[in-house]
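This report refers to the structure that appears directly beneath it.
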Amino acid sequence: MPIQIPADLTIVTLRDSGRELPQRFTEAYARTLLQRASELLQARADIAFRAGTCERVVEEMPAGTRSDVVDDAGYHFLSAAHRAGSGVRVLLVDRVSRPELGGESVAQTRVCLVPYGADVGSTSRFLAHEFGHLLGLDHADAARREGPGQERQAAAWMRNLMNSGALHPDAELTPDQVRQARSSDLARRFGGP
Ligand SMILES: [Zn+2]
């Protein structure tokens, strides 16, 4: 049996000056992404993310944050307003101010953020990468240095699910990463070793 972690989905539509902004996520698409991300992590680490609740909310961003997209301050506001239950929470928003908000800092809140992407493959890999952070994994290339002799290492990073850049279609996890994820605080809540 895989470690099974419940994942609640919250589709957040922004409201600006009394007007709701576009939101392309549907509940069906959100559930599809979760299923695909879960399949990916189950195949590599025997950790599954099971669909919990799915809700839609409308939020007006507070002063000091951008009101038209979710920026870093907006992510902190949303993750405080929509806390994780027993497992994790995925906030699905239409647009963000930069590609990866929260990133390596999300393991404490157990809340991650996914901007809309029309491609199921790349968007579900992005979600699986965010789940990797929730499982305590840092970027594989965090120790990247400039200079010669790193070509082979760089090629391995580019195929890794925790690469900081674009994610390879066959994105993999190393045995060390699998061990680390399965013994993370989050995995241990749900029966990890
Ligand atoms: Zn990341």
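Here are some notes:
- Inter-label distance, nm, simple model (7 Å from Cα along the C-beta direction), residue 32/residue 104: 3.4
- In degrees, nearest ten, helix 72-81 long axis to first principal axis of the chain (Cα): 80
- CD proxy at 222 nm, helix term only [per DSSP H run n ≥ 4: -39500 (n - 2.57); per residue of the chain; nearest 500]: -10000 deg cm²/dmol
- Loop-located GluC sites (Glu not before Pro) in the stretch 76-165 whose Cβ has at most 15 other Cβ within 10 Å (DSSP): 146
- Tilt relative to the chain, helix 120-134 - C-alpha long axis, 0 to 90 degrees, to 10: 80
- Percent RCO, i.e. relative contact order, over the chain, from Cα pairs under 8 Å lying at least 6 residues apart: 22
- Relative contact order of the stretch 109-193, taken over Cα pairs closer than 8 Å and 6 or more residues apart, is 28 percent.
- Using alpha-carbon coordinates, inclination of helix 27-45 to the longest axis of the chain, degrees: 20
- Note on the stretch 37-98 and the stretch 151-193: Cα centroid distance 20 Å, given to the nearest whole angstrom.
- Relative contact order of the stretch 33-99, defined on C-alpha pairs under 8 angstrom at six or more residues apart (%): 22
- Highest-first packing order for the peptide set 121-127, 177-183, 6-12 is 6-12, 121-127, 177-183, based on the mean count of other beta carbon atoms within 10 Å.
Each value in this text was obtained by applying a stated rule to the coordinates, not by laboratory testing. Note that the structure is a prediction, hence the values are computed from the model and not measured. Using ideal geometry, Cβ is built from the backbone for each residue, glycine included, and neighbour counts are taken over all protein chains shown.
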